[in-house]
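Rule-based calculations on the coordinates, nothing more; no lab input. Just so you know, these numbers come straight off a predicted model, no measurement behind them. Heads up, the Cβs are rebuilt from the backbone with ideal geometry, glycines too, and the neighbour counts pull from every protein chain shown.
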Amino acid sequence: MRRLLVATLATVLTLAGTAIPAAAVPAPGGPGLGDEYFPDYGNGGYDVSHYDVRLRYYPDTDQLTGTTTILATAEGELSSFNLDFVLDVASVKVNNRPATFVRQGDHELVVTPARTVADGQAMTVVVQYSGVPSNKVAAGFTAWIRTPDGALAVGEPEEAWWWFPSNDHPSDKATFDVSVAVPDGVEVISNGVQPRNPVRETLGWTRWYWRSAKPQATYLAFIAIGQYDITRDVMPDGEPVINAYSELLPDDIDAAARSSVERTAEITEWLSGKFGPWPFTARGGLVAPPDTLTFALENQTRPTYSSRFFRGGSNTSVVVHENAHQYFGDSVSVAQWKEIWLNEGFATYSQWLWSEEQGEGTADEIFDFGYATRPAEFWTVKPGDPGAERVFDSAVYDRGAMTLHQLRRTVGDDDFFEILRTWVADHRYGDATTAEFIALAEKISGAQLDELFQTWLYTPSKPVLTSAFARSAGVPTAPRSWAKIQRTHELAHHRH
Ligand SMILES: [Zn+2]
């Protein structure tokens, strides 16, 4: 489910002036989707609608075996196509016929079907595989995290490669079924709902089932395997709220984590009051074992949190951040990784709004403190185009949020929140660009906003405040929420 980012072969042929219809020329799908920062992430030539990921995991050895079935539609006549994947592939079938396959680079698998796939034809791709994910290095690391009692597949932007073959780019979202067989007594948590209870599969093994019924980006799919205490509740309409806490958490951190994550239903209701109806069919959160995950990630419907966030006591700010991403990032996804401020700036600004609500500092105060105290280097990063190495720079978060605050000050609260609600509604389950956000903000406010966004998103220097926004001289005191909000991205999403 995606829109085309790149010129198709048909366009190229047309521009070249040839009279040969593109459909008559079978061609490889290609190793990338045209992402400016990560050109070989995702693949060309097809669009995925569903992944069925069926795994077996051996916690003692980190051995993973599995079969992933991909439902896709060809976008052009395909002689071959790529999948992003690093484990050892035993077989690939395309439309029930054995296909040949060869590895290319560190994460590309080139699949050649027995017969070319026609433009617009449905493809069922079945990949059988195995491997020890923690031993597989790609892009210079492994994103698979072994824990004392299992494993975590949680990361951004690279994560899927280590557990299922995919078209790994947020512009091709799909629904998911994930099932994992593990030794009896081990828990498996993933996104969405449990369509059936865990089932004893063979002697000593139990299979867990999870389903994501709304489109989901590949990097937002996750699994956590280990010893977890699972809590369950339902929203008034019956929607499940499922949280999970590592049983390895020390008591004090466990209590602080529960005091925060158990408030997910309340916090997501507060968010939907700001941004519109909750986009998904489940809610929840998962707190990882100590010293494993070093960040929090907005895995769809069920964010995952490092235990570090709760070392100093409860932290609802990070719960707000990750659940705001369910709107900004998960439901409305980036069309290109360079647009990452559309995720992080908005999730951070939601923490500012929560701070205001909790009486821990107004958005004005947070803006003013950051504006007065950020070091010179902070202002050299353009949040709207930070570069591939800086997609999770603090400027993407905080200057991104400052950009939104400038917009709010310029257009006023009524227009500002209407812009956000319309943005979420217009791009629900899709993907979007900054240019589209600017156009929407101008349409709703009737203001000319190019200069505001050019200054705040695309200028590598500290913006000068116009007199209307200039504050009193001197350094303001830090709002009470300041340190917590900083921690959200100091514990970065990314481990590069
Ligand atoms: Zn974030």
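Ranked highest first by average number of other Cβ atoms within 10 Å, how do 62-73, 391-402 line up?
391-402, 62-73
Report the extension gain between ARG421 and GLU490 in nm, rounded to one decimal, defined as 0.36 nm multiplied by the number of residues separating them, less their alpha carbon distance.
So the extension gain works out to 22.0 nm.
Rounded to whole Å, give me the distance from the Cα center of the range 294-364 to that of the range 72-144.
When both Cα centres are located, 34 Å separates them.
Can you give me the Rg/Rh ratio for the range 192-312, using Cα atoms for both radii and the Kirkwood formula for Rh?
0.97
Show me, for the range 278-290, the HN-Hα J-couplings you get by feeding each phi into the Karplus relation (A = 6.51, B = -1.76, C = 1.60, θ = phi - 60°), rounded to Hz, glycine and proline as x.
Once θ is set to phi - 60°, the couplings for the range 278-290 become 4, x, 10, 10, 7, 9, x, x, 9, 10, 7, x, x Hz.
For the pairs LYS462/LYS484; LYS338/LYS443; LYS173/LYS338; LYS382/LYS462, note any where the Cα-Cα span goes beyond 20 Å.
LYS462/LYS484; LYS338/LYS443
Based on the inverse mean of 1/r over its pairs of different Cα atoms, what is the Kirkwood hydrodynamic radius of the range 308-409, in Å?
Kirkwood hydrodynamic radius for the range 308-409: 14.1 Å.
Report the FRET efficiency, 1/(1 + (r/R0)^6), for ASN197 and VAL234, where r is their Cβ-Cβ distance and R0 is 22 Å, rounded to 0.05.
Efficiency at R0 = 22 Å is approximately 0.90.
Among residues other than ASN135 whose Cβ falls under 14 Å from its Cβ, what is the net charge (Lys/Arg +1, Asp/Glu -1)?
The answer is -1.
Using helices alone, I'd like the mean residue ellipticity at 222 nm for the chain: each DSSP H run of four-plus residues gives -39500 (n - 2.57), total over residue count, nearest 500.
Value at 222 nm, helices only, nearest 500: -8000 deg cm²/dmol.
Once both labels are modelled 7 Å past Cα along the beta-carbon direction, what's the ASP106-THR67 spacing in nm?
Taking the two extended label points, one gets 3.2 nm.
Starting from 0 in steps of 20 Å, tell me what percent of the Cα-Cα pairs of the chain lands in each bin.
P(r) over the chain, rounded to whole percents: 23, 55, 21, 1.
Among rounded, prolate and oblate, which fits the range 333-490 when a ≥ b ≥ c are the square roots of the eigenvalues of its C-alpha gyration tensor, a/c under 1.5 means rounded, and a/b larger than b/c means prolate?
Verdict is rounded for the range 333-490.
Would you compute, for the Cα atoms of the range 121-223, the largest minus smallest coordinate along each principal axis and list the three values in descending order, in whole Å?
Between the extreme Cα coordinates on each principal axis of the range 121-223 lie 39, 34, 23 Å.
Can you tell me what the convex hull of the Cα atoms of the range 45-180 projects to on average, as an area in nm²?
That works out to 7.7 nm², a quarter of the Cα hull's surface.
May I ask you to sort ASP229, ASP330 by Cβ crowding, counting other Cβ atoms within 10 Å and putting the fewest first?
ASP229, ASP330
Could you please rank ASP35, ASP40, ASP88, placing first whichever residue has the fewest other Cβ atoms within 10 Å of its Cβ?
The order, fewest Cβ neighbours first, is ASP88, ASP40, ASP35.
On full extension of the chain, what length is gained from ALA122 through ASN95, given 0.36 nm per residue of separation minus the C-alpha to C-alpha distance?
Gain on stretching ALA122 to ASN95: 8.9 nm.
Using the beta-carbon distance between THR477 and GLN358 and R0 = 25 Å, what value does 1/(1 + (r/R0)^6) give for FRET efficiency, to the nearest 0.05?
Computed FRET efficiency for THR477 and GLN358: 0.90.
Per residue of the range 157-174, in order, report the coupling 6.51 cos²θ - 1.76 cosθ + 1.60 (Karplus, θ = phi - 60°) as ³J(HN,Hα) in whole Hz, putting x for Gly and Pro.
Calculated HN-Hα couplings, in order: x, 8, 7, 4, 3, 8, 9, 8, x, 7, 9, 8, 8, x, 7, 10, 8, 7 Hz.
Average projected area of the Cα convex hull of the range 213-272, in nm²?
Result: a mean projected hull area of 5.5 nm².
Going by how many other Cβ atoms sit within 10 Å of their own, how do ILE242, ILE444, ILE225 line up, fewest first?
ILE444, ILE242, ILE225
Say R0 is 25 Å: what FRET efficiency, to the nearest 0.05, do ALA435 and SER49 get from their beta-carbon distance?
That pair, ALA435 with SER49, gives E of 0.40.
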